[in-house]
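Heads up, the thing below is written out as structure tokens.
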Amino acid sequence: MELTTKDLEKAIIFATEKHNGQIRKGDGRPYILHPLSVMQHLYKYKQSRNINMLAVATLLHDCIEDSEDHEATYNEILEIFGVQVLSIVVELTSDKQKIEEVGKAPYLLGKMVAMSSYALVIKLCDRLDNILDMKSMGDGFRNKYITQTNFILNGLEESSRGLSKTHKKLIKEIKRVIKTY
């Protein structure tokens, strides 16, 4: 199913509704600004004939796990946006129980090593946006997040997983931003 700019508009409205009333930790801005910013990183770093589909998945990447009172369902995403978008959103959705079992950094590294190339691009754009937001966080949280990010990025680079030019550019940019702290 080819997604259009109308689908992008639907995704913006859907994500805005699902994140209604939420604010970002640290700076207190409306949460919806995060997926919109992640989408801007996607457009900056990724070229694809499937860019609209990727942008829709990017907008919805936190709708399952981080939408609090307006939680999205897998069926909603499937019915409105199709199986391709849903499959990427599923890949990007974390299992909170597994995170508690193995720890967040090892969990995310394992997940990112195994995810599709498209999902990894979105996850790296998400990580880049989070790193850029670290200025508004306290030192303790920032240091923990940076340590976690370095663990994940080093693990990705050392893994046997093939990394595309886009993945490598995003990893390089994340590392560059980390050095500014």
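Cut-off 14 Å, label point 7 angstrom out along Cα-to-Cβ of Lys44: give me the residues of the range 136-180 whose amide nitrogen falls inside. Under 14 Å, as judged by backbone N against the label point of Lys44, lie 169-178 of the range 136-180. Using the Cβ-Cβ distance between Glu76 and Glu101 with R0 set to 22 Å, the FRET efficiency works out to roughly 0.20.
Compared with the dominant Cα axis of the chain, that is its longest principal axis, helix 5-18 is turned about 70°. Here the relative contact order of the range 47-181, from alpha carbon pairs under 8 Å that lie six or more residues apart, stands at 23 percent. For the chain, the residue among Cys63, Ile174, Ser117 whose Cα projects farthest onto the positive side of the dipole built from Cβ charges is Ile174. What angle do you read, to the nearest 10 degrees and between 0 and 90, between the alpha-carbon axis of helix 104-114 and the longest principal axis of the chain? The angle comes out near 60 degrees. Report, in degrees rounded to the nearest 10, the 0 to 90 angle that the Cα long axis of helix 51-60 makes with the longest principal axis of the chain. Roughly 80 degrees between the two axes.
Which value at 222 nm does the chain reach when only helices count, each DSSP H run of 4 or more adding -39,500 (n - 2.57), with the total divided by all residues and rounded to the nearest 500 deg cm²/dmol?
On the way: 10 runs with 123 residues, N = 181.
Using -39500 (n - 2.57) per qualifying helix, the result is -21000 deg cm²/dmol.
Of the residues Ser87, Phe14, Gly155, the one whose Cα sits farthest toward the positive end of the charge dipole of the chain, with +1 on the Cβ of Lys and Arg and -1 on the Cβ of Asp and Glu, is Gly155.
Remark: the range 129-134, residue by residue, has Karplus-estimated 3J(HN,Hα) of 4, 5, 5, 5, 7, 5 Hz, where x stands for each Gly or Pro and the curve is 6.51 cos²θ - 1.76 cosθ + 1.60 at θ = phi - 60°. When the square roots of the Cα gyration tensor eigenvalues are ordered a ≥ b ≥ c, the ratio a/c for the range 102-147 is 1.5 or more and a/b does not exceed b/c, which makes its shape oblate.
When only alpha carbons of the range 1-64 are considered, Rg and Dmax amount to 12.0, 38 Å.
Cα centroids of the range 1-59 and the range 97-150: 18 Å apart. Residues whose amide H falls under 5 Å from that of Ile23, counting only those 5 or more places apart or on a different chain, are Tyr31, with hydrogens built in the peptide plane.
The listed peptides 122-129, 54-61, 154-161, ordered by packing as a protection proxy, come out as 54-61, 122-129, 154-161 (highest mean of other Cβ atoms within 10 Å first).
All of the numbers you see were taken from the coordinates with simple rules; none came from a lab. Keep in mind that this is a model prediction, so the values were computed, not measured. Glycine also receives a Cβ, built like all others from the backbone with ideal geometry; neighbour counts cover every protein chain displayed.
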